[in-house]
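The values are calculated or read from the model by the stated rules, or taken from the named source; none is laboratory data. Keep in mind it's a predicted model, so treat the numbers as computed, not measured. With ideal geometry, Cβ positions are generated from the backbone for all residues, glycine too; neighbour counts draw on all protein chains shown.
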Amino acid sequence: MFEAFRQYTSQFITLSVSEQQGFENIFACRQVPAKTKLTREGQTANELFFINKGLVRLYYTKEEKEYTGFIFREHLFASSYESFLQQTSSIQTLETIEDCELLVCQHQQLQQLYDKIPALHILARKVAEQRFMSAQMIISSFVLDSPEERYLYFLRHHGDLLLRVPHHIIASYLGISPVSLSRIRKRQIK
């Protein structure tokens, strides 16, 4: 249950056996069906998730339309981070795309563990840096790249998701309509 979790965290920090056990003890394993809202817009995100299996998307809602901001895949931490870190109402919704196996910890437990295991501050910083870099790449792509270039990048780096994620969600993530995505895909096939 914790194998992928250990591999991911060991890239950034080394914990003693007792520290590793203490860290893992704050996580519970949760099986979650597809289309489950883990955090809703307007709620405070009290949980941090490590995805053992499945996909989770973060999206915004405006005028009853959903805009996908990020797709979290296996072996990543996921949360509505701004809400989780600041303990304020979320402006995003976090929802499973597939049936998921998640390791889940509560905000308060993690905060208490920071005092006991100082290396977790480094892990938190590294995870935040990865999220920041991903966000910067997404913003840069919206400013610098055409929709077709965004699609080609997505295809090269996340092509397997085309078989796992509904195309209207991928279109939303790319900032285009499903019809535009279909046209781009047809052009690429030719």
> Looking at (1) closer than 25 Å to Glu129 by Cβ; (2) assigned to a strand (DSSP E or B), which is the one condition that is false for Glu82?
Replying inline: (2)
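Provide a single number: the residues in the stretch 152-189 that are polar (S, T, N, Q) and under 20 Å from Thr96 (Cβ atoms). Break it down stepwise before answering.
Restricting attention to the stretch 152-189, the residues satisfying the condition of being polar (S, T, N, Q) are 172, 177, 180, 182, 188.
This time we only want the ones that are under 20 Å from Thr96 (Cβ atoms), so: 172.
The qualifying residues number 1.
Determine, yes or no, whether Glu82 is on the phi > 0 side of the Ramachandran plot, at pLDDT below 95 and either crowded, with 16+ Cβ neighbours inside 10 Å or not hydroxyl-bearing (Ser, Thr, Tyr) (or both). Don't jump to the end; show me each part of the working.
Working: on the phi > 0 side of the Ramachandran plot: no; at pLDDT below 95: yes; either crowded, with 16+ Cβ neighbours inside 10 Å or not hydroxyl-bearing (Ser, Thr, Tyr) (or both): yes.
Taking the combined requirement at face value, the residue does not satisfy it.
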>> Every residue in the stretch 52-70 that is under 13 Å from Ser172 (Cα atoms) and either of a type in the set (A, V, I, L, M, F, W, C) or assigned by TED's automatic domain parsing to the domain that holds His157 (or both), please.
In response: Leu58, Phe70
>> Can you say whether Gln111 is more than 30 Å from Ser180 (Cβ to Cβ), over 13 Å from the mean Cα position of the chain (by Cα), of a type outside the set (Phe, Trp, Tyr) and at pLDDT 95 or above, as far as the supplied structure shows?
In response: no
> Only one of these conditions is not met by Leu120: (1) touching a residue at least 40 places away in the same chain (Cβ under 8 Å); (2) of a type outside the set (Asp, Glu); (3) more than 20 Å from Asn25 (Cα to Cα); (4) assigned to a helix (DSSP H, G or I). Which number is it?
Replying inline: (3)
>> Just to verify a result, which residue in the stretch 134-190, among those that are among the basic types (Lys, Arg) and farther than 17 Å from Gly69 by Cβ, is surrounded by the fewest Cβ atoms within 10 Å (Cβ to Cβ)?
In response: Lys190
>> Checking the condition within 22 Å of Leu123 (Cα to Cα), charged (D, E, K, R) and surrounded by 13 or more Cβ atoms within 10 Å (Cβ to Cβ), which residue from Glu41, Glu3, Glu101, Glu66 passes?
In response: Glu101
>> I'd like to check something: does the stretch 97-107 contain any residue that is assigned to a helix (DSSP H, G or I), in the same structural domain as Ile13 (by TED's automatic domain parsing) and at pLDDT 95 or above?
In response: yes
> Ala45: modelled with pLDDT of 95 or more, among the aliphatic types (A, V, I, L, M), farther than 18 Å from Arg131 by Cα and touching an Asp or Glu at 6+ places or on another chain (Cβ under 9 Å), yes or no?
Replying inline: no
> Is it true that some residue in the stretch 27-40 is out of contact with any strand residue (DSSP E or B) (no Cβ under 7 Å at 6 or more places or on another chain), within 20 Å of Gln108 (Cβ to Cβ) and not in a strand (DSSP E or B)?
Replying inline: no
> Considering only the stretch 1-51, how many residues are within 25 Å of Ile169 (Cα to Cα), hydroxyl-bearing (Ser, Thr, Tyr) and without any contact (Cβ under 8 Å) to a residue 60 or more places away in the chain?
Replying inline: 2
